[in-house]
Each structure stands twice: as C-alpha cells, then as structure tokens.
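Everything below concerns the one structure shown next.
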Ligand SMILES: [Zn+2]
Ligand SMILES: [Zn+2]
C-alpha cells in the first residue's frame, strides 16, 4: 500500500512499512536522469501523524543501486539511504507556487483528496540521493584516454610519454577543438 488516507490516520499516528518494486524505480530514474541504473528492491518505512489537517511524515528509505562508474565504466553497487521529513497540507489553489519549498531534509507539500501518495515522495528522495556522476570510488583513476587501460587495476606507458613532452598541453588543445 503506497497511498495513505488522511482521514484514516489515527490520533496516535501510524507506522507504515512497504517495499517498492525495482522495475518501476528503474524507469523513473531512467526518465529523470537519462541514464541506465539498476536499483534493488526499495525498503521504505514511515511515521505518520496529523494535527487537524496538517500531516507530519517521517520517511526512511533504503536500497542499493548498481551503477556504471562515470570514469572507469566498471559497475559497482552504491547503498542509497535517505531520511526526510515532510509537512503536508490539503491542496489549495491559492497557495500553489508560493507555498512549496524543499530543503535538505525538510520539505513542505500538498496532498489531494484526502490521499497521500507515498510513492512519489519516495521517488523524489531517491532522485535527491543519486549522484549526477556516480564514481566507483572518490579517487577513481579512470581509463587511459589513449589505450583504454583501467588505471585502477594496472598502468600503461602512455602517461609517462605524455608527461615528458613539453607540448602536451598544446596537443590536448588541438585534440579537443
Ligand atoms: Zn571507477
Ligand atoms: Zn595508456
């Protein structure tokens, strides 16, 4: 169940746990980032409470995503975890645009027709957690641009030759033009 009826939230609040199917997550990430990622099943838990019509929602999500490194192209698995707090109020025509803001771990939003769509909140958080250029490690050495050797696992002689030449910078300029 990924939608919550606000009128069903009890006085003492509720805890809710669910899993999201990885194929759908994969599609969403692909559309948003134009890249092919391979997510694993997504575990979500939330704490929901309300005061009158204002809903307070704590979201915790955990998954792993397989990426291809942006430098060396090797695939690796990145654990993705996110915590977010949302304050949700019933949708109102007159506050749209001005009323919406988003911070690091605190967000404000609307729900419509007594329903909270948890799925879209989860996807929003996942997209915030995903790096734009995923790297297998911070200091990934990447591939040699000349021979394609993966510099993390071995070395080649291209680099030394380059370093010896005083015209390296000039050569690179010409190549990139
Ligand atoms: Zn890498
Ligand atoms: Zn090389």
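The values are calculated or read from the model by the stated rules, or taken from the named source; none is laboratory data. Treat the numbers as computed from the prediction; the structure is a model and nothing was measured. Here the Cβ positions follow ideal geometry from the backbone for every residue, glycine too, while neighbour counts run over all protein chains shown.
Has region 117-130 got at least one residue that is modelled with pLDDT of 85 or more and within 10 Å of ligand 2 (Cβ to nearest atom)? Checking region 117-130: not a single residue is modelled with pLDDT of 85 or more and within 10 Å of ligand 2 (Cβ to nearest atom). Looking at region 137-150 only, could you name the residues that are closer than 12 Å to residue 71 by Cβ and either out of contact with any strand residue (DSSP E or B) (no Cβ under 9 Å at 6 or more places or on another chain) or more than 8 Å from ligand 2 (Cβ to nearest atom) (or both)? Hits for region 137-150 are 137, 138, 139, 140, 141, 142, 143, 145, 150. Is it the case that region 145-153 has a residue that's touching a helix residue (DSSP H, G or I) at 6+ places or on another chain (Cβ under 6 Å) and away from ligand 1 (no atom under 16 Å from the Cβ)? Yes, some residue in region 145-153 is touching a helix residue (DSSP H, G or I) at 6+ places or on another chain (Cβ under 6 Å) and away from ligand 1 (no atom under 16 Å from the Cβ).
Checked against (1) in a loop (DSSP other than H, G, I, E, B); (2) surrounded by 14 or more Cβ atoms within 10 Å (Cβ to Cβ); (3) at pLDDT 80 or above, residue 35 passes all but a single condition, namely (3).
Mind checking which residues of region 41-67 are more than 13 Å from the chain's Cα centre (by Cα) and under 22 Å from residue 21 (Cβ atoms)? Within region 41-67, 41, 43, 44, 45, 46, 48, 57, 59, 60 qualify. Of everything in region 1-38, what is in contact with a helix residue (DSSP H, G or I) (Cβ under 7 Å, 6 or more places away or on another chain) and without any contact (Cβ under 8 Å) to a residue 60 or more places away in the chain? Give them in sequence order. Listed by number, the residues that qualify are 36, 38.
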